[in-house]
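Right, one structure below, let's go through it.
The values are calculated or read from the model by the stated rules, or taken from the named source; none is laboratory data. For clarity, every value in this text was computed on a predicted model and none was experimentally measured. Cβ: placed from backbone, ideal geometry, glycine included. Neighbour counts: every protein chain shown. Each accessible area value is taken on the protein alone, full model and side chains, heavy atoms only, with ligands, DNA and RNA left out. Shrake-Rupley method; radii C 1.70, N 1.55, O 1.52, S 1.80 Å.
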Amino acid sequence: MLTKQLFRRGLSLLTSVVVAGSVMTAGAVAEEATVYHQPTLNPRVKSIIEADGYQFIDLNGNGSLDVYEDWRLDADTRAADLVSQMTVREKIAQMQHPTYLPRSDGKIAPYLEKYCSDYGIGMLLIRELNSVQTAAETMNAVQEYAEASRLGVPVLVSMDSVHGLSYVSGATVTGHNLALAATRDEELVTRLAEISRDEHIAIGVRMTLSPESDIASEPRWGRVMETFGEDPDLVTQMVRTQIVAFQNGEDGLNPDGIVACIKHFPGAGPQMDGKDTSPIVSDEETLQIHLQPYYAAIEVNVGSVMPYYSVPLALDMENSAIGSKAALQDLLREQMGFEGIIQTDWGMIWAIQEGLGTMTGEEVSDEEAIIIGVTQSRVDGIGGESIRLIDQMEELTAEGKIDEDILTAAATRIVKAKFELGVFENPYCDVDYAVSFVGNEEHTAVNLEAAEKAMTLLKNDGTLPLTQDAGQNILVCGPRADDMASLVGGWSSEQEGLTIAAAIAAYAGDSDTVTYIADDVVAIAEAAKDADVVIVSVGEPSYQHDPPWGYDTLEITSSQQEILETVKANTNGQIITVVTGGRPYILTWCDENTNAILEAYYPGQQGGIAIAETIFGLNNPTGKTPMQFPRDMDSVNEQASDVSFDLENPLYDYGWGLSYDN
């Protein structure tokens with residue numbers, strides 16, 4: 001009996017071993033049957049190694065396949081392995097996001113190699129590229145330097161490209177978001193964002209510091225032009241649209257997208273009295289409205305969020321958003337569930353010192369500011385600081401003032417994004433392709449369509465459209481009329497195109513005479529006497545965060561008002577006002593004294609053409625105001641900075657816009 005039981009147990013055990021072995025064999029066969037798609041590998045410094053019949057880059061040069069070098073594995077696994085091999089200094093370096101400005105001759109500055117190869121920086125903001133070829137060659141140099149670093153970690157190159165590939169001369173540079181908002185065309189905004197994404201990838205830039213997600217409830221703020229206006233629903237819709245297009249879908253980062261970085265958390269639109277970097281005056285209730293675009297962004301897995309310099313009074317009465325634990329950890333991480341990269345705006349140390357100094361009256365040392373930003377608000381990417389910050393943070397970590405686990409978490413988020421983008425396998429771009437693709441004719445046509453649809457006709461007594469080739473004497477005046485930057489707007493390199501004056505001359509017709517005078521009021525007065533039509537260009541030049549004539553006014557500048565009044569006093573012709581710029585100016589005088597007003601915002605490279613086409617009837621204006629336009633400064637001063645649609649008796653209400661059909 002005992003023998004039979006032992007036999008049965010032995011048979012059962014043998015059966016179990018055979019079954020288990022069969023399962024293991026089947027599993028092994030299944031595993032062996034898995035076929036992976038071999039990515040193209042083009043290393044310039046490190047070697048290619050082979051394993052399991054596939055090729056990999058030996059990024060750390062140890063002759064064997066490390067987990068982080070294995071492209072078959074998921075981003076989390078690879079990131080964990082890579083960061084485990086990093087020193088404290090290398091983790092800190094991954095958090096650095098300095099700015100690189102190329103030399104005027106296009107040559108690469110020597111320090112860039114040291115930044116990428118010796119220091120091993122994780123990210124790099126690049127600006128002012130004078131051609132597509134220079135841009136692509138520069139990105140390739142950056143990645144070649146980075147490949148030569150100890151662990152071969154590529155750099156995540158970014159651009160403050162808030163309206164197309166704006167820091168590359170010759171790329172597609174669209175109108176600012178305020179102009180796009182005037183189109184009310186989500187499908188068009190999608191196409192522009194996809195063009196921007198593909199042009200970024202073509203030159204090797206894989207992160208855009210956009211979209212601007214602030215709600216422009218304070219019309220005096222100098223960054224209104226970067227927003228989609230004051231309607232929270234429209235802003236949310238357009239921001240979500242851009243993120244999905246930039247990142248190539250709603251499921252997070254992937255090799256066919258770029259990292260989108262929404263800004264400026266937690267909603268910087270309600271700047272106190274309109275002064276940039278002043279406290280954000282939203283209260284607990286209105287804060288939720290200004291957070292609306294950020295909730296939508298997180299729902300579609302936006303890759304990065306940028307907090308602002310300003311103190312968010314509803315969350316923190318002392319520190320800027322950059323240094324606020326309440327804003328970035330309690331709200332953004334814990335309540336809203338954001339898991340991506342927290343990327344500071346440029347100048348973390350200054351922002352924390354300025355915020356605390358202003359609100360508490362206390363001086364804050366560099367060391368204190370660094371500790372607050374890294375250990376309390378726990379930012380990941382640190383933008384625009386000196387490369388010496390690596391040494392400072394390393395010393396503070398050695399002294400026990402910065403916990404290495406915080407650095408590990410930050411570095412992991414950053415390198416994980418790079419794995420998801422696929423840049424470890426091939427960070428390089430094809431220069432010839434970039435030159436042929438970026439700014440091509442198809443992209444230019446879409447850009448022109450957007451500028452045309454943005455044109456917003458505020459007033460027309462029948463003067464517009466003008467007839468081409470009608471033997472007219474046309475006077476164009478105002479300094480903005482011959483300034484390309486006044487069409488392109490800020491955050492961009494120098495771009496070629498037709499100015500307003502040049503476009504009017506090009507479209508007028510052979511029998512028409514077009515004269516341009518910038519700001520000589522004596523000459524303008526004389527020329528106006530013989531003019532059949534006077535086109536007066538008013539507005540603001542680019543980069544007017546804090547206008548020299550005062551952030552606290554939306555009145556047309558005195559010099560431009562003088563031109564308007566000179567024209568009015570000296571002409572019997574029709575007067576057309578063309579407005580460019582980034583804020584809703586008070587146009588009451590123009591409404592009462594000129595025949596037509598065309599609002600063009602910052603319409604981008606193709607803006608001059610779109611304006612001329614509209615004036616001569618080749619484009620029927622369909623744009624609608626994305627903000628209320630005030631009648632006077634009293635109403636502006638009385639409105640609440642954190643509440644949209646709060647102007648009393650606006651001159652032009654939200655959604656106003658005429659066409660030649662009505």
Each residue of region 287-296 in turn: what ³J(HN,Hα) in whole Hz from Karplus with 6.51, -1.76, 1.60 and θ = phi - 60°, glycine and Pro shown as x? 4, 5, 5, 6, 7, 3, x, 6, 4, 5
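Arrange the residues Thr375, Thr625 by how much accessible surface each exposes, largest first, with a 1.4 angstrom probe.
Numbers: Thr375 30, Thr625 0 Å².
The ordering from most to least exposed comes out as Thr375, Thr625.
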Estimated FRET transfer efficiency (Thr77, Tyr111; beta-carbon r; R0 56 Å; 0.05): 0.95
So with the 1.4 Å probe, I'd like the accessible area per residue for the chain, rounded to whole Å². 38
Just to confirm the number: angle between the C-alpha axis of helix 404-421 and the first principal axis of the chain, 0 to 90 degrees, nearest 10? 70
Bins of 10 Å, starting at 0 and running to the largest distance - Cα pair percent for region 401-466: 14, 18, 20, 19, 15, 11, 3, 0
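Between Ser131 and Ala485, what length comes free when the chain is fully extended (0.36 nm per residue of separation minus the Cα-Cα distance, one decimal in nm)?
Working: separation 354, 0.36 × 354 = 127.44 nm, distance 1.70 nm.
Between Ser131 and Ala485, full extension yields an extra 125.7 nm.
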Return the carbon/sulfur percentage of the accessible area of region 108-220, one whole number, probe 1.4 Å, all protein chains in place. 43
Quick one: how many Å² of Arg103 are accessible to a 1.4 Å probe, rounded to 10? 110
Can you pull the accessible area of Phe645 for me, 1.4 Å probe, Å² to the nearest 10? 90
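With each run of n ≥ 4 DSSP H residues scored as -39500 (n - 2.57), what mean residue ellipticity at 222 nm is computed for the chain after dividing by its residue count and rounding to the nearest 500 deg cm²/dmol? Write out the running numbers ahead of the final one.
Details: 22 runs with 245 residues, N = 662.
Value at 222 nm, helices only, nearest 500: -11000 deg cm²/dmol.
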Leu65/Glu494 FRET efficiency (R0 45 Å; Cβ-Cβ; nearest 0.05): 0.45
Taking the highest mean first, how do the peptides 476-482, 544-550, 347-353 order by number of other beta carbon atoms within 10 angstrom per residue? 476-482, 347-353, 544-550
Which sequence of Val155, Val35 reflects their accessible areas, 1.4 Å probe, from the largest down? Val35, Val155
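Relative contact order for the chain: what is it in percent, counting Cα pairs under 8 Å that are at least 6 residues apart? Mind dumping the intermediate values first?
Details: 1524 pairs, mean separation 103.8, N = 662.
So the answer I get is 16 percent.
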So the angle from the long Cα axis of helix 232-246 to the longest Cα principal axis of the chain, reported in degrees to the nearest 10, equals 50
Which of Lys453/Lys568; Lys459/Lys568; Lys114/Lys418; Lys529/Lys624; Lys107/Lys416; Lys275/Lys325 exceed 26 Å between C-alpha atoms? The answer is Lys453/Lys568; Lys529/Lys624; Lys107/Lys416
Förster radius 22 Å - calculated FRET efficiency between Asp519 and Asp591, Cβ distance, rounded to 0.05: 0.45
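How do 460-469, 381-390, 299-308 rank on mean C-beta neighbours within 10 Å, highest first? Walk me through the intermediate numbers first.
Numbers: 460-469: 15.7, 381-390: 19.4, 299-308: 23.4.
Result, highest mean first: 299-308, 381-390, 460-469.
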Taking region 510-620 as the region of interest, what is the percent of Cα-Cα pairs per 5 angstrom bin, listed from the shortest bin to the one with the maximum distance? 2, 11, 21, 23, 21, 15, 6, 1, 0
Using Cα pairs closer than 8 Å and at least 6 residues apart in sequence, work out the relative contact order for region 261-399, in percent. 22
Any residue on another chain or 5+ positions along whose placed amide H is under 5 Å from the amide H of Tyr516 is listed here as Val476
Please go through region 215-293 and write out the GluC sites (Glu not before Pro) that DSSP classes as loop and that have at most 14 other C-beta atoms within 10 Å. Glu250
Taking the Cα-to-Cβ direction at Leu41 and at Leu618 and moving 7 Å from each Cα, how far apart do the two end points lie in nm? 5.4
So what's the angle, to the nearest 10 degrees on a 0 to 90 scale, between helix 75-84 and the longest Cα principal axis of the chain? 70
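Suppose the chain between Glu638 and Gln288 were pulled fully straight at 0.36 nm per residue; how much longer would it get relative to their current alpha carbon spacing?
Extra length from Glu638 to Gln288 when fully extended: 123.8 nm.
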Which of these values of volume of the Cα convex hull per residue in Å³ was calculated from the structure shown: [x] 168; [y] 200; [z] 152? [y]
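For Glu399 and Asp432, compute 0.36 nm times the residue count separating them, minus their Cα-Cα distance, and round to one decimal in nm. Please list the in-between numbers first.
On the way: separation 33, 0.36 × 33 = 11.88 nm, distance 4.98 nm.
Contour length minus the Cα-Cα distance gives 6.9 nm.
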Largest first, what is the accessible-area ranking of Ser278, Ser64 with a 1.4 Å probe? Ser64, Ser278
Please give the solvent-accessible surface of Tyr111 in Å², to the nearest 10, using a probe radius of 1.4 Å with every protein chain present. 90
When the accessible area of region 374-521 is computed with all protein chains present and a 1.4 Å probe, what percentage of it is carbon and sulfur? 43
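From the square roots a ≥ b ≥ c of the eigenvalues of the alpha-carbon gyration tensor of region 36-86, which class results: rounded (a/c under 1.5), prolate (a/b over b/c), or oblate?
On the way: a/c = 1.79, a/b = 1.21, b/c = 1.48.
Oblate shape, in that a/c is at least 1.5 and b/c is the bigger or equal ratio.
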Using the charge dipole of region 367-426 (Lys, Arg: +1 at Cβ; Asp, Glu: -1 at Cβ; taken about the Cα centre), state which of Thr375, Ala398, Gly422 has its Cα farthest towards the positive end. Gly422
With point charges of +1 on the Cβ of Lys and Arg and -1 on the Cβ of Asp and Glu, referenced to the Cα centre of the chain, which listed residue (Thr358, Leu291, Thr138) lies farthest in the positive direction of the dipole? Thr138
